[in-house]
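Visitor: Right, I'll just put the structure down here and ask away after.
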Amino acid sequence: MTGEELEKLVNEMQEEFQIPPYYRDSQLKNLAKEGEQTVGSLNPGCSVTEDLTYRMLLKNYMYYAFHHRVSEFMDNYASVILTWQMETEVEDNDIT
């Protein structure tokens, strides 16, 4: 993820989840990088700018991490992650 993409993601996170202004951007950037590693490794090769499911999962991961509930994120989004992985696999292997 580029610096520009990271900045945009942090801004979206602050607006969509009403993150207090006193919470430093650097902390949100760390959550985004952590989420990129965690969520991105579940479906390698996806782009946070092009894949809206990945973007949604990443922002929700950041939200759960913000509240120190990462294990709950994995439990609550397991079916969404599995569907995302399967849809990507079908698209990549669809040879017609």
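The values are calculated or read from the model by the stated rules, or taken from the named source; none is laboratory data. All figures in this text were calculated on a predicted structure; none of them were measured in a lab. All Cβ positions, even for glycine, are placed from backbone atoms using ideal geometry, and neighbour counts span all protein chains on display.
Listed here are the residues, each with its yes/no results for (1) surrounded by fewer than 15 Cβ atoms within 10 Å (Cβ to Cβ); (2) among the charged types (D, E, K, R); (3) in a helix (DSSP H, G or I); (4) on the phi < 0 side of the Ramachandran plot.
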| position | (1), (2), (3), (4) |
| --- | --- |
| LEU28 | no, no, yes, yes |
| GLU50 | yes, yes, no, yes |
| TYR54 | no, no, yes, yes |
| LEU57 | no, no, yes, yes |
| ILE81 | no, no, yes, yes |
| GLU87 | yes, yes, yes, yes |
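Visitor: Determine whether region 3-15 contains at least one residue that is without any contact (Cβ under 8 Å) to a residue 40 or more places away in the chain, assigned to a helix (DSSP H, G or I) and buried (at least 17 other Cβ atoms within 10 Å of the Cβ).
Guide: Taking every residue of region 3-15 in turn, at least one turns out to be without any contact (Cβ under 8 Å) to a residue 40 or more places away in the chain, assigned to a helix (DSSP H, G or I) and buried (at least 17 other Cβ atoms within 10 Å of the Cβ).
Visitor: For a quick check of your reading of the model, give me the residue pairs whose first member lies in region 24-35 and is within 12 Å of LYS59 (Cα to Cα), whose second is assigned to a loop (DSSP other than H, G, I, E, B) and not aromatic (Phe, Trp, Tyr), with beta-carbon atoms closer than 8 Å and at least 6 apart or on different chains.
Guide: LEU28/ILE19; ALA32/MET1; LYS33/MET1
Visitor: While we're on this one: Checking ASP75 against (1) in a helix (DSSP H, G or I); (2) surrounded by 13 or more Cβ atoms within 10 Å (Cβ to Cβ): exactly one of these is not met. Which one?
Guide: ASP75 satisfies every listed condition except (2).
Visitor: Yes or no: TYR23 in contact with a Cys (Cβ under 7 Å, 6 or more places away or on another chain) and either part of a loop (DSSP other than H, G, I, E, B) or modelled with pLDDT of 95 or more (or both)? First the steps, then the outcome.
Guide: On the way: in contact with a Cys (Cβ under 7 Å, 6 or more places away or on another chain): no; either part of a loop (DSSP other than H, G, I, E, B) or modelled with pLDDT of 95 or more (or both): yes.
Spelling it out, it is not the case that TYR23 is in contact with a Cys (Cβ under 7 Å, 6 or more places away or on another chain) and either part of a loop (DSSP other than H, G, I, E, B) or modelled with pLDDT of 95 or more (or both).
Visitor: For the condition farther than 19 Å from MET86 by Cβ and assigned to a helix (DSSP H, G or I), what is the one hit in GLN18, GLN37?
Guide: Numbers: GLN18 fails: assigned to a helix (DSSP H, G or I).
When all the criteria are applied, what remains is GLN37.
Visitor: May I ask you to list the residues in region 8-61 that are closer than 22 Å to GLU72 by Cβ, of a type in the set (S, T, N, Q) and more than 13 Å from the chain's Cα centre (by Cα)?
Guide: Of everything in region 8-61, those that are closer than 22 Å to GLU72 by Cβ, of a type in the set (S, T, N, Q) and more than 13 Å from the chain's Cα centre (by Cα) turn out to be GLN14, GLN18, GLN27.
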